[in-house]
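The structure appears below as structure tokens.
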Amino acid sequence: MKINQKSFGKTQSVEEAYLYTITNQNGMEVTFTNYGACIVNIIVPDAKGNKADVVLGFENLAGYEENGPGFGSFIGRYANRINDGKFELNGKTYDLEKNDGENTLHGGSKGYNKFLYETEIFEDEDITSIEFSRLSPHMEQGFPGNLDITVTYSLTETNELMIEYHAVSDRDTIINLTNHSYFNLSGHNSGSVLDHKVSVKANYFTPTRADLIPTGELASVDGTPMDFRTLKRIGEDIASDYEPLRIAGGYDHNYVLDVSGNDVEKVAELVDDQSGRRMEVFTDLPGMQVYTSNMLTPVKNSKDGTVYKKGAAICFETQFFPNSCNTESFPSSTLKAGQEFESVTIYRFSAK
């Protein structure tokens, strides 16, 4: 296990950003930047030992400063959508930036992926970790509470990329943290991901209105194109004449994970028969947004000049349900003052 650090250039505000690359003995390597606490590269061997970068991203820092799609991003203070850009907590209404029509998306236009983070590195024999931390001040993005936040990325010798979230607020607040990596196991520049196969451990999903705000109901996946309880090709049903798919232009839905909530459990799998690569997803959170990059359009500064298009990747965003702060029947995203928020998501890679 080794770690390498190098300059990533200066931000528009003339602050130095860095790249950190962790490599294990299997040849898997993951690169992060302290700008936005983003995942920049995930390079893994296929069944024949050929390596490829399996996440979409940018060639340079300028790309991550723009980053409309949120490639590799640490998302907060509140991932996904909040209805009408406001929520009520302890009898007080908080108004947020409406950056997605009349709603708030991923905390607003300046999300957690647009800040520089303090960095600490921890090295052990079988695991190397990099910790990014900062203070999100009271009323940043419109959210109450000074929030001390830490996201720790760890790479193990068993090809696990572990993401640990930790946060403490000095006031009652709401929180929903996730990672927004776009995966294509054939390689970031290989085109469509629709031939990959996916399984998701969920009997229900949360249907939405036209603006992708959940209606509040839980709908069964049984007998619908939303059913991924057994491995199924992503493209098999994506063009079905089914209202939730028509609304989103593909899959962009929160799945109600069939988990205990008490432990980190396997909730999804992504398989690429072409390369033999496989990725398993583990989490202790109640929901996961499965997004087939339906709104993806070509971007500037992409890796290798790749023209990324709709359907080029899939995201597995572990989370509390969208708009849970305004939906009493959904799992609560409230964080009490002084209470520690801790959560773990793991992406485990293999090939055969």
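The values are calculated or read from the model by the stated rules, or taken from the named source; none is laboratory data. Just so you know, these numbers come straight off a predicted model, no measurement behind them. Virtual Cβ from ideal backbone geometry, glycine too; neighbours counted across all protein chains shown. Please note that ligands, DNA and RNA were not included when accessible areas were found on the heavy atoms of the full protein model with its side chains. Shrake-Rupley method; radii C 1.70, N 1.55, O 1.52, S 1.80 Å.
Annotations
- A simple packing score, the average count of other Cβ atoms within 10 Å per residue, orders the peptides 7-16, 170-179, 54-63 as 170-179, 54-63, 7-16, with the highest score first.
- Of the residues Gln289, Gln141, Gln339, the one that moves most in a GNM of the chain with alpha-carbon contacts below 10 Å is Gln339.
- Partners for Lys336 among aspartates and glutamates (Cα-Cα distance below 12 Å; same-chain residues under 8 apart left out): Asp170, Asp172
- Largest accessible area first, the listed residues Lys48, Lys266 line up as Lys48, Lys266 when surface is computed with a 1.4 Å probe on the assembled protein chains.
- Segment 318-352 and segment 49-119: distance between their alpha carbon centers, rounded to Å: 15 Å
- Rounded if a/c under 1.5, otherwise prolate or oblate - the chain, Cα gyration tensor axes: rounded
- Extension gain for Ser260-Glu16 works out to 83.6 nm (0.36 nm per residue, less the C-alpha to C-alpha distance).
- Solvent-accessible area, 1.4 Å probe, carbon plus sulfur percent, for segment 202-352: 45 percent
- Taking Cβ atoms as reference points and 11 Å as the exclusive limit, the residues near Pro225 contribute a net charge of -3, counting Lys and Arg as +1 and Asp and Glu as -1.
- Taking a sphere under 12 Å around the Cβ of Glu265 and counting the other residues whose Cβ falls inside, with K and R at +1 and D and E at -1, yields a net charge of -2.
- Solvent-accessible heavy-atom area per residue, rounded to whole Å², over the chain at 1.4 Å: 40 Å²
- Probe 1.4 Å, all protein chains present, accessible-area order of Arg348, Arg81, largest first: Arg348, Arg81
- Sorting Thr21, Thr119 on solvent-accessible area from highest to lowest, probe radius 1.4 Å, gives Thr119, Thr21.
- Placing a label point 7 Å from the Cα of Glu125 along the Cα-to-Cβ line, the residues of segment 146-162 whose backbone N sits under 20 Å from it are 154-160.
- In straight-distance terms, cross-link reach from Lys6 covers every one of the aspartates and glutamates whose alpha-carbon lies under 16 Å from its own, apart from those fewer than eight places away in the same chain; here that gives Glu15, Glu16, Glu29, Glu59, Glu118, Glu120.
- Based on Cα contacts under 8 Å between residues 6+ apart, segment 1-130 shows a relative contact order of 20 percent.
- Members of Lys2/Lys51; Lys114/Lys300; Lys10/Lys51; Lys232/Lys310 lying beyond 22 Å, as alpha-carbon distances in this model show: Lys10/Lys51
- Cα gyration tensor, segment 188-273 - rounded (a/c under 1.5), prolate or oblate: oblate
- Overall, the accessible surface of segment 38-112 at a probe of 1.4 angstrom is composed of carbon and sulfur to the extent of 40 percent.
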